[in-house]
Amino acid sequence: MRFAHLVPRTARARAMVVAGFLAVVGIIASVALPVPYVIVSPGPMFDTLADFRGEKIVQISDVTTYPTDGELNMTTVSERGGPYGPLTVGEATYALFNQTMAVIPREILFGGDVDDEQTRQRSAADFDEAQSNAVAAALTTLDIPVTEEPIIAAVQTDGPADGALEPGDIVLGVNGEPTASSADVVAAVQALPPGTPTAITVEREGEQTEVSVTTGDNPNDPGKSFLGVTLRRVFEAPFDIEFTLEGVGGPSAGLMFTLAIIDQLTPESLTGGGVIAGTGTIDPQGTVGAIGGIGQKMDAAAAGGAQLFLAPRANCSTVRENAPSGMTVAAVDTVDEALAALAAHREGRPVVGCGAV
């Protein structure tokens, strides 16, 4: 027995070995325990002028388009924890000492009143809305008319419309009156007293159909009718615009999608052949809004060779603290300001940044 000398010969020795073993197991177990935090780190960039899995990320057809050059990169963050898989003490501790990562309480990022599946669905819906808003913002900038379609995004369980309306329905009319926007739908329903049987005309899977819904009394606005649905504004161009990027969520790609559409519809290159990156929400009027993870997104852009980074002005306090050296950062509030920054960069002029602290 070659290893007999390693076997404890007394009860006390055996107890010490067991205690030591349990201590090691305890340490390992504590490091592996899940914690209610999320690690945010630099994610991949996607060139909105290029292809993704063999398909152009922003495809425009049935209208004159122009060649593009350079890159217009949307930046992302990678999230670990919360709805995106368990996060352990060990992983969180490592991230605390990594300057490119942030450790954020799950509740701050996603709220405490929604479950993981709802969070993922909301992120996907935000990404869809960013694409739709980008269509409206880009075409409005180019003086091209857009139309709005009021679409059912969600139906409240046990609400007035449960079982009658479905997510994805396009609302065409209420009691025979056409509804061209979400505002039209809301106004038509609220004009009725609660408890009114109401004919809702919708387009569902390409077919027009009519359903009956008895309006309820809105618990948030007593005395006014409601259907118990969430409406999403979807904007349509007079030609075809499709987005093919998958596996990304959130609203922060809105600005870069807007610029990708404009670049393809105008003869002059927005990039001048350069590598541009950026981030920012967009509304239908072209206003750029703040986003999360700006520090990690700038790190990703710098690592990817971006020469100019377009940042929402609302994020300037964080930009000033975290902007990587060697990359110009422009602060923008609108699509027009983003276009002005791109023009200045192409022409070798200074861009408007976040200024000094």
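The values are calculated or read from the model by the stated rules, or taken from the named source; none is laboratory data. Since the structure is predicted, the reported quantities are computational estimates derived from the model, not experimental observations. Using ideal geometry, Cβ is built from the backbone for each residue, glycine included, and neighbour counts are taken over all protein chains shown.
Looking across segment 319-353, just one residue is part of a loop (DSSP other than H, G, I, E, B) and in contact with a Phe, Trp or Tyr (Cβ under 6 Å, 6 or more places away or on another chain), and that is Met327.
Residues in segment 77-92 that are more than 24 Å from Met45 (Cβ to Cβ) and part of a strand (DSSP E or B): Thr88 only.
Scanning segment 195-203 for any residue that is at pLDDT below 95, aliphatic (A, V, I, L, M) and either within 23 Å of Thr281 (Cα to Cα) or loosely packed, with under 15 Cβ neighbours inside 10 Å (or both) turns up nothing.
The condition of being aliphatic (A, V, I, L, M) and closer than 26 Å to Gln118 by Cβ holds for only one of Val146, Val229, that being Val229. For segment 233-252, state whether one or more residues are of a type in the set (D, E, K, R) and under 21 Å from Gln121 (Cβ atoms). For segment 233-252, residues of a type in the set (D, E, K, R) and under 21 Å from Gln121 (Cβ atoms): present. When segment 130-182 is filtered for residues that are in a loop (DSSP other than H, G, I, E, B) and surrounded by 20 or more Cβ atoms within 10 Å (Cβ to Cβ), the ones remaining, listed by number, are Pro160, Ala161, Asp169, Thr179.
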